[in-house]
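Data first, discussion second: the structure below is written as structure tokens.
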Amino acid sequence: MLSGWNISYSHCTWFGINCTSSTTKVQSLHLSSLGLFGIIPPSFSNLTSLKTLDPSNNSFFGQIPSELGHLTSLQHIILLGNIINGTIPISLSHCRRLESIMFQNNKLTGHLSHELGRLHRLKFLDVSMNNLTGVIPSTFGNLSTLTILNIARTQISGKIPNELGRLHNLVTLQLSENQLSAEIPISIFNISSLKFLSLTLNRLVGKLPSNIGLTLPKNKGTLLGQQSSGRTNTNLSSTTKLNFQVFDSLTNCTLLRKILLNSNQLAGELPPSVANLSVNLQHFCVSDNFLTGSFPQTLERNTVIKYGLGGKASTSGDVYSFGILLLEMIIAKKPTDGIFQEEVAGGEGYACWELVSAETSGTEGKGEGFSTGRVEEDCAVELD
């Protein structure tokens with residue numbers, strides 16, 4: 001019991017508790033960041049009018065009580081930022097009014113139950129940063145109202161279900177840093193509502209659709225990079241023809257801010273249409289691939305503030321990384337200059353950069369933000 005909870009007064013006056021307007025039944029428990037610890041009481045299931053349960057960012061441990069499945073009025077269950085272990089109870093599938101399940105950053109184990117696909121009102125499902133195993137249930141394709149699906153940084157494996165392509169209200173799909181394998185379903189790239197897609201650090205294969213900029217018109221971030229140190233032959237591939245089609249198509253994504261394709265098996269020429277990508281573009285990374293060709297020599301709207309290493313760039317002929325050209329234009333330095341000798345000696349060039357335009361300068365971190373995992377850290381180093 002909190003120190004401010006006095007049994008001499010109605011529980012409806014206690015801090016963090018809201019009751020229904022007509023009765024003294026508890027409607028919500030907002031107990032976030034209060035330094036609480038212990039188990040989540042199974043007796044919470046007696047709060048039959050409870051709509052919101054939020055004991056997030058405390059030190060609760062133990063398992064999620066299966067008795068919570070009796071809360072048929074429950075709409076939001078927010079347990080993020082604790083040290084809860086055990087499995088996600090199948091009984092939660094009985095809470096048919098659930099709109100939010102926020103379990104990220106705990107110690108949860110076990111599989112994601114296919115019964116969760118029955119929660120047809122669910123809008124937010126975040127179970128990232130746990131120790132979950134198994135596969136993504138194909139029944140998640142039935143969650144027609146879902147806008148955010150985040151299963152990043154777990155031990156989930158297997159294929160990405162083709163059924164996820166039915167999620168026509170999905171805005172964010174974050175599946176990075178898992179053990180997913182096989183080909184990326186083409187249906188994923190047909191979710192026209194999608195703004196942010198991250199599949200980084202998996203074992204996926206395939207090719208980007210040639211019309212990606214038309215099928216994902218609201219695209220703000222596409223993160224498909226891998227780790228160069230762990231790269232295998234199971235990565236995205238491309239050809240010159242496909243590169244031209246993909247990047248020409250991406251010019252239709254006028255809201256695009258981030259695109260990370262580093263450490264794959266992309267090959268062929270990178271087309272001049274890269275210069276025509278969104279004026280909102282802030283992060284671009286194609287390092288550690290096998291790309292060649294001519295690059296645009298101007299990008300007047302942008303100023304380079306960060307560079308990354310990777311890719312086998314040449315200083316002869318026209319086989320320059322776009323980043324090298326911008327480096328020379330803006331700070332009058334070449335990759336062979338003394339300040340870069342250590343990097344060049346390692347055989348690496350510049351193919352990752354952060355761009356800040358007049359419109360976006362000073363605004364990063366405000367408004368919509370994207371969790372990019374650790375790939376972006378590998379793509380960016382500060383220049384003095």
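The values are calculated or read from the model by the stated rules, or taken from the named source; none is laboratory data. Since the model is a prediction, treat every value here as computed from it, not as a measurement. Methodologically, a virtual Cβ is constructed for each residue, glycine included, from the backbone with ideal geometry; neighbour enumeration extends over all protein chains shown.
If you check Asn150, Asn142 for being of a type outside the set (Lys, Arg) and more than 24 Å from Leu208 (Cβ to Cβ), only one passes: Asn142.
Quick one: is Ser45 surrounded by 11 or more Cβ atoms within 10 Å (Cβ to Cβ), touching a residue at least 24 places away in the same chain (Cβ under 8 Å) and either outside the structural domain of Glu67 (by TED's automatic domain parsing) or not in a strand (DSSP E or B) (or both)? Against the criterion (surrounded by 11 or more Cβ atoms within 10 Å (Cβ to Cβ), touching a residue at least 24 places away in the same chain (Cβ under 8 Å) and either outside the structural domain of Glu67 (by TED's automatic domain parsing) or not in a strand (DSSP E or B) (or both)), Ser45 qualifies. Whenever a residue of the range 249-260 is under 12 Å from Leu208 (Cβ atoms), its partners that are part of a strand (DSSP E or B), lying with C-beta atoms within less than 6 angstrom and at least six residues away or across chains, give the pairs Ile259/Thr222; Ile259/Phe284. Among residues of the range 1-22 that are assigned by TED's automatic domain parsing to the domain that holds Leu47, those with a beta-carbon under 6 Å from a residue that is modelled with pLDDT under 70 at least six positions away or on a different chain give the pairs Trp14/Trp5; Phe15/Gly4. Scan the range 233-253 residue by residue and report those that are loosely packed, with under 15 Cβ neighbours inside 10 Å and hydroxyl-bearing (Ser, Thr, Tyr). Passing the criteria: only Thr239.
Is it the case that Ile83 is of a type in the set (Val, Ile, Thr), under 22 Å from Arg118 (Cβ atoms) and assigned by TED's automatic domain parsing to the domain that holds Met129?
Criteria not met by Ile83.
The residue of the range 67-84 that is nearest to Leu122 (Cα to Cα), among those that are of a type in the set (Val, Ile, Thr) and surrounded by fewer than 20 Cβ atoms within 10 Å (Cβ to Cβ), is Thr72.
Within the range 258-270, is there a residue that is among the β-branched types (Val, Ile, Thr) and either part of a loop (DSSP other than H, G, I, E, B) or at pLDDT 95 or above (or both)? No: zero hits.
Residues checked against (1) in a strand (DSSP E or B); (2) touching a strand residue (DSSP E or B) at 6+ places or on another chain (Cβ under 8 Å); (3) on the phi < 0 side of the Ramachandran plot; (4) modelled with pLDDT under 80:
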site: Ile7; (1), (2), (3), (4): no, no, yes, yes
site: Cys12; (1), (2), (3), (4): no, yes, yes, no
site: Phe15; (1), (2), (3), (4): no, no, yes, no
site: Ser22; (1), (2), (3), (4): no, no, yes, yes
site: Ser28; (1), (2), (3), (4): yes, yes, yes, no
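Taking the listed residues Leu173, Leu164, Leu146, the one that is among the aliphatic types (A, V, I, L, M), buried (at least 21 other Cβ atoms within 10 Å of the Cβ) and part of a loop (DSSP other than H, G, I, E, B) is Leu146, with no other qualifying.
Scan the range 100-152 for residues that are under 18 Å from Thr172 (Cβ atoms) and out of contact with any Leu (no Cβ under 8 Å at 6 or more places or on another chain) and the total you get is 2. For the range 174-206, the set of residues classified as of a type in the set (A, V, I, L, M, F, W, C), farther than 14 Å from Ser157 by Cα and within 16 Å of the chain's Cα centre (by Cα) consists of Ile188, Phe189, Ile191, Leu194, Phe196, Leu197, listed by residue number.
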